[in-house]
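Enquirer: Below is a structure I'd like to ask you about.
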């Protein structure tokens, strides 16, 4: 019953636009979290991922809900395109690892990782909490450059444009940074100063 109420509320909110979150040019909070890729658990480290190119970090409310399933399918279908541009995709929700192992296989197709933010520290650091009284994130997508800067942000409850918009942002970054896009980028010395959502 409680889940049905929450899902109904999400559906109602989906009719309108989401509020803005972190802005372009803001420093991306550093974090590490447990994640699942094709049903296998590992530790996702933003700093490590940024060494190979930009990171697409997308927050979604809950695995196996209608909108989140559609969004996962869309990111899975576009995963090869993201990889060809040197980008890493990771989805983030409050779901536990058991749920994410299933979700990463059935809905993500083993194409990209999904991380667990059960304590909501990461979503809070990225200003992506749905509502203060709901223990889940909203639907917000970020593109983070290798120098720890937010270069694109998109927040909307509908899952329709998240993949298209983040792909365009990654392409824009790659076109403007051909050398960085072609080579692995080392983590900048200033990285430890970034706020750490995992603490």
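The values are calculated or read from the model by the stated rules, or taken from the named source; none is laboratory data. This one's a predicted model, so the numbers in the text were calculated from it and none came from an experiment. Neighbour counts are summed over all protein chains in view; Cβ atoms, including those assigned to glycine, are modelled from backbone coordinates with ideal geometry.
Enquirer: Are there any pairs, at least 6 apart or on different chains, whose C-beta atoms fall under 6 Å, with the first in segment 23-35 and farther than 30 Å from residue 102 by Cα and the second part of a loop (DSSP other than H, G, I, E, B) and modelled with pLDDT of 95 or more, and if so, which?
Expert: 27/148
Enquirer: Another question, then. So which residues in segment 134-143 are crowded, with 19+ Cβ neighbours inside 10 Å and over 19 Å from residue 78 (Cα atoms)?
Expert: Of everything in segment 134-143, those that are crowded, with 19+ Cβ neighbours inside 10 Å and over 19 Å from residue 78 (Cα atoms) turn out to be 136, 137, 138.
Enquirer: Can you tell me which condition residue 82 does not meet? The list is (1) out of contact with any strand residue (DSSP E or B) (no Cβ under 8 Å at 6 or more places or on another chain); (2) in a helix (DSSP H, G or I); (3) within 23 Å of residue 148 (Cα to Cα); (4) in contact (Cβ under 8 Å) with a residue 40 or more places away in the chain, and all the others hold.
Expert: All conditions are met except number (1).
Enquirer: Among the residues of segment 144-160, is any within 19 Å of residue 35 (Cα to Cα), buried (at least 16 other Cβ atoms within 10 Å of the Cβ) and touching a residue at least 12 places away in the same chain (Cβ under 8 Å)?
Expert: Looking through segment 144-160, at least one residue is within 19 Å of residue 35 (Cα to Cα), buried (at least 16 other Cβ atoms within 10 Å of the Cβ) and touching a residue at least 12 places away in the same chain (Cβ under 8 Å).
Enquirer: State whether the residues of segment 22-39 include one that is part of a loop (DSSP other than H, G, I, E, B), modelled with pLDDT of 95 or more, in contact with a helix residue (DSSP H, G or I) (Cβ under 8 Å, 6 or more places away or on another chain) and under 20 Å from residue 136 (Cβ atoms).
Expert: yes
Enquirer: So which pairs qualify, if the first residue must be in segment 108-130 and without any contact (Cβ under 8 Å) to a residue 60 or more places away in the chain, the second must be assigned to a loop (DSSP other than H, G, I, E, B) and surrounded by 21 or more Cβ atoms within 10 Å (Cβ to Cβ), the Cβ gap must be under 8 Å, and the two must be at least 6 apart or on different chains?
Expert: The qualifying pairs are 118/94; 118/95; 120/94; 129/138.
Enquirer: Here's a follow-up. Would you tally the residues in segment 162-190 being out of contact with any helix residue (DSSP H, G or I) (no Cβ under 7 Å at 6 or more places or on another chain), at pLDDT 95 or above and over 16 Å from residue 59 (Cα atoms)?
Expert: Selection size over segment 162-190: 5.
Enquirer: At least 1 residues that are modelled with pLDDT of 95 or more in each: list the strands (runs of 3 or more DSSP E) lying fully within segment 88-161 that qualify.
Expert: Once the strands (runs of 3 or more DSSP E) in segment 88-161 are filtered for at least 1 residues that are modelled with pLDDT of 95 or more, what remains is 88-93, 113-116, 140-144, 150-155.
Enquirer: Can you work out which of the residues in segment 54-71 that are buried (at least 19 other Cβ atoms within 10 Å of the Cβ) and out of contact with any helix residue (DSSP H, G or I) (no Cβ under 7 Å at 6 or more places or on another chain) is farthest from residue 33 (Cα to Cα)?
Expert: 67
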